[in-house]
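The values are calculated or read from the model by the stated rules, or taken from the named source; none is laboratory data. Keep in mind the model is a prediction, meaning the values are calculated, not measured. Backbone-built Cβ (ideal geometry, glycine too); neighbour counts: all protein chains shown.
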Amino acid sequence: MPNFGGGELIFILVIVMIVFGAGKLPEVLGQLGKGVKTFRDESSGEGSKSAPASDQPKQS
């Protein structure tokens with residue numbers, strides 16, 4: 001992952017504010033944070049709440 005300094009982060013934040021507007025910024029960042037959290041949970045296997053799939057077929 002790239003190593004961003006303070007100047008780069010401020011520049012990116014200014015660009016995001018121009019694109020989305022300052023009023024919508026908290027909503028956009030909140031959705032981004034939820035997406036990142038969901039991605040991390042799913043990639044580590046913690047997000048799967050269903051029972052593990054069995055190798056044997058169900059019998060009727």
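Cβ-Cβ contacts under 9 Å between residues 6 or more apart (or on different chains), taken from a first residue in segment 8-29 that is of a type outside the set (A, V, I, L, M, F, W, C) to a second residue that is in a helix (DSSP H, G or I) and surrounded by 10 or more Cβ atoms within 10 Å (Cβ to Cβ), are listed as E27/F20. Pairs linking a residue in segment 37-51 that is modelled with pLDDT of 85 or more to a residue that is in a loop (DSSP other than H, G, I, E, B) and surrounded by 10 or more Cβ atoms within 10 Å (Cβ to Cβ), with Cβ atoms under 8 Å and 6 or more positions apart or on different chains, are T38/G47; D41/G47; E42/S48.
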